[in-house]
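Here's the structure, in structure tokens; my notes come after.
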Amino acid sequence: MADVEAAAVLCKEFADDSVYFPLELPGALKEARELIRNRQLWVYYMAMPDGRQELASIVACTRTSENVAAITKVYTNPMCRSRGCAERLVRRVCEFWLKEAGRQFVVLFVAHENEPAEKVYNHVGFEGLRGRTAEGVEDWLEIGFSGTVRGHW
């Protein structure tokens, strides 16, 4: 249960960065439970100076097909940033999808102005970020629909 609660906090903090997908703690708990139940959430724990283990980073892969896995959420606990946690976890998730699960591609969604995330993804080996073109990489724009309620899908 501690994993669910810790993951929910990071899900909520991820949502707090977006005006388009607000999420209160009860909704974050529901989301974390669903992600864990569906085996769509990856977690990275880090040993803290006081000896306890802290949930440092999460990665969610909620959209997969026969050939493609999509990373739809990456978030690192502010106490654990700039220590390589997200990079190690994203790298491990990519290795799983490409080598163990047999997907041909791993894609991700990142806001154009999210420089720290783009740095992580560049280190892992993603191409076509920050307006740099790469063969086979498309720039996407996510849009909503007028008159709908914003939230998580």
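If you go through the range 55-74 and keep only what is open to solvent by 20 Å² or more (accessible area, probe 1.4 Å) and either modelled with pLDDT of 95 or more or not charged (D, E, K, R) (or both), you end up with Thr62, Thr64, Ser65, Asn67, Val68, Thr72, Val74.
Would it be correct to say that Glu13 is under 16 Å from Lys73 (Cα atoms) and modelled with pLDDT of 90 or more? Steps first, please.
Working: under 16 Å from Lys73 (Cα atoms): yes; modelled with pLDDT of 90 or more: yes.
Criteria met by Glu13.
In the range 79-98, which residues are exposed (fewer than 13 other Cβ atoms within 10 Å of the Cβ) and either touching a helix residue (DSSP H, G or I) at 6+ places or on another chain (Cβ under 9 Å) or modelled with pLDDT of 95 or more (or both)? Step through it out loud before you land on a result.
Here is the first cut: in the range 79-98, the ones exposed (fewer than 13 other Cβ atoms within 10 Å of the Cβ) are 79, 82.
Passing the criteria: only Ser82.
Look through the range 99-111, keep the residues that are open to solvent by 30 Å² or more (accessible area, probe 1.4 Å) and β-branched (Val, Ile, Thr), and return whichever of them is modelled with the lowest pLDDT. Out of the qualifying residues, it is Val110.
Checking each residue in the range 1-54 for being open to solvent by 50 Å² or more (accessible area, probe 1.4 Å), touching a helix residue (DSSP H, G or I) at 6+ places or on another chain (Cβ under 9 Å), in a helix (DSSP H, G or I) and aliphatic (A, V, I, L, M) picks out Val9, Leu25, Ile36.
Every residue, every condition in (1) within 19 Å of Val9 (Cβ to Cβ); (2) in contact with a strand residue (DSSP E or B) (Cβ under 8 Å, 6 or more places away or on another chain), yes or no:
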{"position": "Arg37", "(1), (2)": "yes, no"}
{"position": "Pro49", "(1), (2)": "no, no"}
{"position": "Thr72", "(1), (2)": "yes, yes"}
{"position": "Ala111", "(1), (2)": "no, no"}
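Per the conditions (1) free of Cβ contacts under 8 Å to residues at least 24 places away in the same chain; (2) buried (at least 17 other Cβ atoms within 10 Å of the Cβ), the sole criterion not satisfied by Asn114 is (2).
The values are calculated or read from the model by the stated rules, or taken from the named source; none is laboratory data. Predicted model only: the values in this text are computed from it and were never measured. Every residue, glycine as well, gets a Cβ built from its backbone with ideal geometry; the counts of neighbours run over all protein chains shown. Note: accessible area is taken over every heavy atom of the protein model, side chains too, but ligands, DNA and RNA are not part of it. Shrake-Rupley method; radii C 1.70, N 1.55, O 1.52, S 1.80 Å.
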